[in-house]
Structures are given as structure tokens and as C-alpha cells.
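Data block below; observations after.
Every read-out reported here was derived from the displayed coordinates using simple, explicitly stated rules and does not represent laboratory data. Computed from a predicted structure; not experimentally measured. Cβ: placed from backbone, ideal geometry, glycine included. Neighbour counts: every protein chain shown.
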Ligand code: ADP
Ligand code: MG
């Protein structure tokens, strides 16, 4: 018995519109149909585990196939299937509040993702590439009859008896003439790789040939035959779905290689795993970037229940961590919504600060457990840490204990350590601390040396973020100013009177002064004893500015 009906949306026909506006992103039809198939298998598994399905579960799987001649793509599964009533309910009544809203909104939508997700048009994305779609399905329910549905992209559909003998659903797309590019093994394989690579149920796509041992020949050597094996395109248990304690370093490293085949090993990683107040799993890697500012961004892949969504994670991951690599999987991130909506979402805000906290905690942990190792990584992580330090108050609160200052002797200090180191010498009369820095140790070599000779330390600030970093340090550190060690600054540095190099006792100093005074025997001159370190002039003879002007005795002015 065939039944005809009209799909309940209150407009003439939205399919031509879907096709026209979604053309750019139409490959996602496959993601939508495969994830529906996966959902169906997960549902039957769940029903079985709850005891509500007592039949044979079988090996749950999804299969994608295509026929170039017939111009069809078929997606089949052995999930829960649908009864005719369910088809009417779930397929015919399109899950959006009204076509009017759709008609208004689609004008603004920039890509298919946005419309498909926002309006629950998952299944209907098939009409972006097909001019006819058929469903053959058999529900898991006892006594269910197989059902059949067909729709040619108009709002008319037919529903009737189906042919399936086994539980599950088979969806056949009759590919339209503009979309024939999809009737290609490599094209389909690449779309599956992109969106379906980590789905939780095996997805078969064609077969591969494989050599298999087949007995031995007369001489006892093994014989081989070629066999066809299923080509399973996905990895059903990617590492982010596992517990950290089940995993070894090699697992994290090989997953990294799988995601970014040509990259150097990452420095370290953070396994994210939280289920309250939002659900999120993932692994974030710190890549090797050095001070290279050309590194690639957008390397984090966003998944929702193992379905790839996008590698545009701005707003979800804090800006300063956009250079990280890896995956984030969260069903609690609203998909396909506008940027402003995403930024305002409370889960997204929480996720953002959760990631910030996890990264800060991990860095603090490495710093504490292995200071040397941390310093070795500093060239790579310094940029992230400083970027976070200047841009995220919450990160700053933790990073102030593990951000490092490096001086021109390649020694590293925390902020506290550095303060302690330079405080005795580099504090002026008003108690103001002076930190010197250079952004080019080669060009400023002589100034650095001169500063060093006067006992001053010079920091190396030559990374692209350092200008901001210096500005931020000045804001955050109390009574501290940072000065670039140029000619002017280096000249004006004064060696402190209480420098520890004084080696003469008071009595000896007086004697030395007397000797000099006698030799000069002019009251206008003053004899001053400086430190006796080898780089310094041990004694200076000066005359007061006033006297000097009066007498204009240039020959004896200044130090000698
Ligand atoms: P969503 O997946 O967001 O619910 P879709 O438009 O993708 O929206 O699918 C609509 C509904 O159709 C699904 O919720 C499900 O009930 C049903 N459905 C689609 N594909 C299948 C399938 N392969 N097996 C069983 N039910 C399906
Ligand atoms: Mg769906």
C-alpha cells in the first residue's frame, strides 16, 4: 500500500533554496547522514544495555557505498531503524519551528553548516546533492514491518512497504547532475577522512586488497593469495575518549603524528576530561614553535561526539592558546550559531576558562617537577606564556610564578628570583628598581658590557611579544621600571656606594686620601676613593663644579 503526503513545512518548496544557498559546503551531507546512521547504532546499543531490546545486536556498523553507473550513494546501518509512523514523525515533520523563520534567517546564513544545524535539517542536507532520496528501513521493534519512503526534492513524498529483511536503515541518494563529483572514490574517502575519521562505530567504505598466507608450496615456502578486506575508514576509540591512565606517551605522540603527519614531536600535552558543569574531552598539544611568528593557527579540531565539526575554534579556546594543536570534543558547545551567540554562551565561557586553568596548572606542574626541563622548553613555550601573561588576567595570576626572565648570560629567573637577585644593586635612592633589557644583544654589546661592569644585569627581550611583555611587567611589578640599555642609559648607570668591593678600612682610606691630597696640594680638588675592582678607576680626583667654572681649569677636570 503506497501513501502520498506533503512534507509539513508551510512554504512552497524549500529544497531549491537549500540547494542554491548551500552549494559551497555541500559535502557535509555525508557527515549528516553518516552521523545519523551512527546515532541509530548507538541507540540500539543503549536499548540493549537497558534491556529494552532483547534481539541479537550483531556487529554494529555503518557502510557507505556508491555506484557510478546508477549515480547513487548509499549509507546503510544496522541501527534501530524506523517504522512508517516514525518516518512520518521524524523525517516528514521537519524539525524547525516554521518555514517563515527559515526563509528570514537563511538570508544571513553564510554557510551550510549554519542552516543545517540551526534548523535541524540534517537529513535534508541530502537534497543539496541529490534530486531523489529513498529510505528503506526496518525498525528493531517486534513485529515491525519494513518501510519505504521516497522524495524527489519537492514537498511531495511517498511512503509504503519496504524491502529490508534485517534491522536498520539504508538511505540512497540519486545524485544530481551538478554533484557528480561525489561519485568518486577519492572524493568520498577524503570527506569521510575529514568528518568521520573518529566516529565510534566502524564505517566501511569499499574494500582493500591484502596479501594473506595460503599454505606452503612443495619446497615448504609460504604461499600467498590476495584477499579483499573491508576498508574501515575510522578509528572508533580515539585517545581523547580514553582515560589518561590507560595511555602511554607513545599513544599521545602517535596520535599527534596522525593529526599532523609532518610535524616535529610536540613538547607536552594536556588531557582534558571533565563532565561537570559541562562535558568536554580532548587532548591539547604544545607544538614546537620557537620564536617563529609564522606558525600556523587553527590547528585545534573541534568535535561533537566524535563527529568533526570545524577547525575554527576561536572564542572556545582563549586567544593566546590558538597556537596549540589537538582536539576538543564537546556536545555542549552550541554548533552552527553566530559568533556573537557563541561568545555569549555560558558553557563556552566556562570552557574557555577551564582550558586556561588546565594549561596554567600543567605549566606550573612541569615547572615544579622539572625546572631544568622547563627551562629547556622555554624557547618554545615562552611565547605562549608571555602572550597569556599579558592578555588573560586569570592566566597571569598563575603565570607570574612560572614566567621566566632570561638574561644576557642565558640564565633564567622567575620574577621573584630576579627581584631578589638585582634588588641590592639596582635600586635607586627612591627605592625604584631598575631592570635593564636589550632586544639585540649583538648590536648593544658594548652597552651591555658597560652595564655589566657596573654590576647591572641585562635581560634579553628579543621575542615578538616582548614589547607587550615589558609594558605589562611595568604595570604589574611594584616600583620597577624597565629601561633599554642604550648609550644614554649605560652611561648614566652609577655604581652604588655601598657596593661590596670596598676593600680598604676606614683608616686606610684616610691615609690614602692624605697621600693624594699632599701630592696635589690644591684645596679646590677633592680626592675620592672608589671601589678597588679591576675594571674601575680606584681613585678619582674631582673639583666642585662651582670651582671648576670659576677657575676654568679644564686640564684637571673629571676623573683621572
Ligand atoms: P537530527 O539528527 O538532528 O535529529 P536529522 O534531520 O539528521 O536530525 O534526522 C531526523 C531524525 O530522523 C533523527 O532524529 C532520527 O530519528 C531519524 N533518522 C535519520 N536517519 C536515521 C537512521 N539512519 N536510522 C534511524 N533513524 C534515523
Ligand atoms: Mg542528524
Using 0.36 nm per residue of separation minus the Cα-Cα distance, give me the extension gain between residue 178 and residue 49 in nm, one decimal.
42.0 nm
What FRET efficiency would be calculated for the residue pair residue 445, residue 372, taking the C-beta separation as r and a Förster radius of 30 Å, to the nearest 0.05?
0.60
How many nm separate the modelled label positions at residue 476 and residue 141, each set 7 Å beyond the Cα in the direction of the Cβ?
6.2
Where in region 422-449 does the amide nitrogen come within less than 11 Å of the point 7 Å from the Cα of residue 489, taken along Cα to Cβ?
434-440, 448
Calculated FRET value between residue 340 and residue 242, using beta carbons and R₀ = 35 Å, to 0.05:
0.50
Work out, step by step, the length gained on full extension between residue 190 and residue 207: first 0.36 nm times the residue separation, then minus their alpha carbon distance; give nm to one decimal.
4.6 nm
With a/c under 1.5 counting as rounded, go ahead and sort region 413-475 into rounded, prolate or oblate using the C-alpha gyration tensor (a ≥ b ≥ c being the square roots of the eigenvalues; past the cut-off, prolate if a/b is larger than b/c, else oblate).
oblate
What is region 150-233 by shape, rounded, prolate or oblate, if you read a ≥ b ≥ c off the alpha carbon gyration tensor as root eigenvalues and call it rounded for a/c under 1.5, prolate for a/b larger than b/c, and oblate otherwise?
prolate
Need the full-extension length gain, residue 156 to residue 65, defined as separation in residues times 0.36 nm minus the C-alpha distance. One decimal, nm.
30.1 nm
Where a ≥ b ≥ c are root eigenvalues of the Cα gyration tensor, a/c under 1.5 meaning rounded, otherwise prolate if a/b exceeds b/c and oblate otherwise, region 364-510 counts as prolate
So how far apart, in nm, are the two label points at residue 310 and residue 468 if each is 7 Å from Cα heading toward Cβ?
2.3
Just to verify a number: FRET efficiency for residue 423 and residue 397, C-beta to C-beta distance, R0 = 22 Å, to 0.05?
0.40
